[in-house]
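Novice: The structure is given below, and queries will be raised subsequently.
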Amino acid sequence: MKIKEKTSRVVLKTVVAILIAVYVLFPFFLVVINSCKTTNDITANPIGLNGVSISNLITNLSDVINNTHFMFWSAFGCSVIITVLSLVLLALLGAMAAWVICRNKTKWSVVIYFTFIASMIIPFQVVMLPLISTFRDVGKFIGISMLQSIPGIIFAYLGFGGAMTVFILNGFIKGIPMELEEAASIDGCSPEQTFFIVILPLLKPVITTVTILNGMWIWNDYLLPSMMLGQNGVVKTLPVAVQAFVGSYVKQWNLILAAALLAIVPILILFFIAQKQIMEGMIEGAVKG
């Protein structure tokens with residue numbers, strides 16, 4: 001009886017997992033198959049496989065990439081620049097902040113740490129209007145435009161992504177023995193040398209995890225770029241460009257879905273390549289934290 005109960009539980013869990021996977025993947029499946037159709041085929045049967053062909057996919061992708069309204073390469077370049085620079089700065093500055101907060105057991109370090117934690121629970125909708133007005137005023141004060149510019153949105157991502165980065169890295173650093181830093185200090189290393197030579201290499205697994213998680217968020221983010229960059233400016237990320245493209249081609253669903261596929265595929269490839277590192281970093285962070 002116990003073996004039968006165990007088997008039935010395994011079967012039930014497997015069925016539930018399959019249903020959840022189908023539910024999650026079905027929208028992506030629709031995007032893929034409809035990117036391989038013409039508009040008439042999509043209108044006639046958006047769920048069916050009638051009309052699906054590689055030639056349609058190549059034609060749709062080519063039309064989207066060469067379309068002057070979409071400006072794929074410009075939007076792709078902006079997304080790459082914003083994502084890469086944001087991730088590099090988040091990883092470096094977040095690791096520095098987490099290390100200092102973790103190793104300096106003072107009242108102020110505790111206050112700063114819990115300030116980071118508290119900022120994680122504040123919804124973006126609460127701060128989005130003050131954020132725009134503040135960035136506008138700061139830009140006027142320093143003489144540099146903080147809106148509709150790449151440096152401005154990178155600075156915003158540092159603020160919104162810094163809390164989670166510090167939180168995860170801080171838990172990992174707690175598991176690093178202090179003896180390593182004491183030995184480095186005895187050997188004549190300054191605090192800066194200790195961080196870059198001893199601590200930073202040890203943070204590689206968890207930094208990889210944090211970088212990928214932040215990368216998926218920044219690459220796919222629509223709300224913050226649409227507010228800070230606008231839909232009519234020169235600087236556009238891929239999600240904003242796709243939304244503007246939808247407004248121009250409401251009836252051409254094959255082109256709209258092909259544009260959405262172009263925006264999804266790069267970060268999807270990155271996730272599949274680095275999913276092992278994500279799990280390893282999360283497990284090590286949980287154990288050491």
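The values are calculated or read from the model by the stated rules, or taken from the named source; none is laboratory data. No experiment lies behind these values; they were computed from the predicted model shown. Note that we place each Cβ from the backbone using ideal geometry, even for glycine, and neighbour counts take in every protein chain shown.
Novice: Among the residues of the stretch 47-63, are any touching a residue at least 24 places away in the same chain (Cβ under 8 Å), outside the structural domain of Asn254 (by TED's automatic domain parsing) and loosely packed, with under 14 Cβ neighbours inside 10 Å?
Specialist: Within the stretch 47-63, not a single residue is touching a residue at least 24 places away in the same chain (Cβ under 8 Å), outside the structural domain of Asn254 (by TED's automatic domain parsing) and loosely packed, with under 14 Cβ neighbours inside 10 Å.
Novice: Just the residues that are in a helix (DSSP H, G or I), farther than 24 Å from Ala274 by Cα and not β-branched (Val, Ile, Thr), please, taken from the stretch 197-238.
Specialist: Answer for the stretch 197-238, where residues must be in a helix (DSSP H, G or I), farther than 24 Å from Ala274 by Cα and not β-branched (Val, Ile, Thr): Leu223, Leu224, Pro225, Ser226, Met227, Met228.
Novice: On to the next question. Limited to the stretch 44-55, what total is found for residues that are at negative phi and either assigned to a loop (DSSP other than H, G, I, E, B) or at pLDDT below 85 (or both)?
Specialist: Qualifying residue count for the region: 8.
Novice: Sort through Leu25, Leu93 and tell me the only one that's exposed (fewer than 12 other Cβ atoms within 10 Å of the Cβ) and either part of a helix (DSSP H, G or I) or not charged (D, E, K, R) (or both).
Specialist: Leu25
Novice: Taking Phe141 as the residue in question, decide whether it is within 21 Å of the chain's Cα centre (by Cα) and either without any contact (Cβ under 8 Å) to a residue 60 or more places away in the chain or exposed (fewer than 15 other Cβ atoms within 10 Å of the Cβ) (or both).
Specialist: no
Novice: So, one more: Assess whether Ile132 counts as being buried (at least 17 other Cβ atoms within 10 Å of the Cβ), β-branched (Val, Ile, Thr) and in contact (Cβ under 8 Å) with a residue 60 or more places away in the chain.
Specialist: Spelling it out, it is not the case that Ile132 is buried (at least 17 other Cβ atoms within 10 Å of the Cβ), β-branched (Val, Ile, Thr) and in contact (Cβ under 8 Å) with a residue 60 or more places away in the chain.
Novice: Identify, please: which residue in the stretch 77-90 is surrounded by 13 or more Cβ atoms within 10 Å (Cβ to Cβ) and among the aliphatic types (A, V, I, L, M) and is, among those, farthest from Ile218 (Cα to Cα)?
Specialist: Leu89
Novice: Taking the options Leu202, Leu223, name whichever one is surrounded by fewer than 20 Cβ atoms within 10 Å (Cβ to Cβ), more than 20 Å from Val88 (Cα to Cα) and not charged (D, E, K, R).
Specialist: Leu223
Novice: Something else now. Report whether or not Leu180 is surrounded by 17 or more Cβ atoms within 10 Å (Cβ to Cβ) and either modelled with pLDDT under 90 or not assigned by TED's automatic domain parsing to the domain that holds Val84 (or both).
Specialist: Criteria not met by Leu180.
Novice: To continue, here is another question. With Ile168, Ile176 as the choices, which residue is among the aliphatic types (A, V, I, L, M), within 25 Å of Thr209 (Cα to Cα) and within 23 Å of the chain's Cα centre (by Cα)?
Specialist: Selected residue: Ile168, the only one of Ile168, Ile176 that is among the aliphatic types (A, V, I, L, M), within 25 Å of Thr209 (Cα to Cα) and within 23 Å of the chain's Cα centre (by Cα).
Novice: Follow-up question, since we're still on this one. Residues of the stretch 96-128 being surrounded by fewer than 17 Cβ atoms within 10 Å (Cβ to Cβ) and not aliphatic (A, V, I, L, M), which ones?
Specialist: If the condition is that a residue be surrounded by fewer than 17 Cβ atoms within 10 Å (Cβ to Cβ) and not aliphatic (A, V, I, L, M), then Asn104, Lys105, Thr106, Lys107, Trp108, Ser109, Phe114, Thr115, Ser119, Pro123, Phe124, Gln125 are the ones that fit.
Novice: Hey, among the residues in the stretch 239-259 that are β-branched (Val, Ile, Thr) and more than 13 Å from Tyr222 (Cβ to Cβ), which one's modelled with the highest pLDDT?
Specialist: Looking at the filtered set, the residue picked out is Ile256.
Novice: For Lys37, indicate whether it is over 30 Å from Ile256 (Cα atoms) and either basic (Lys, Arg) or in a loop (DSSP other than H, G, I, E, B) (or both).
Specialist: no
Novice: Shifting gears a bit: Out of the residues in the stretch 61-81 that are in contact with a Ser or Thr (Cβ under 8 Å, 6 or more places away or on another chain) and assigned to a helix (DSSP H, G or I), which is nearest to Ala244 (Cα to Cα)?
Specialist: The selected residue is Ala75.
Novice: Look at Asn40 and say whether it is exposed (fewer than 13 other Cβ atoms within 10 Å of the Cβ) and either among the polar types (S, T, N, Q) or within 30 Å of Val235 (Cβ to Cβ) (or both).
Specialist: yes
Novice: Here is a list of conditions, (1) modelled with pLDDT under 85; (2) of a type in the set (Val, Ile, Thr); (3) in a helix (DSSP H, G or I), and Val84 meets all of them except one; can you say which number that is?
Specialist: Here Val84 meets the rest and fails (1).
Novice: Right, here's the next one. On the given criteria, is Ile101 closer than 17 Å to Trp217 by Cβ and among the β-branched types (Val, Ile, Thr)?
Specialist: Taking the combined requirement at face value, the residue does not satisfy it.
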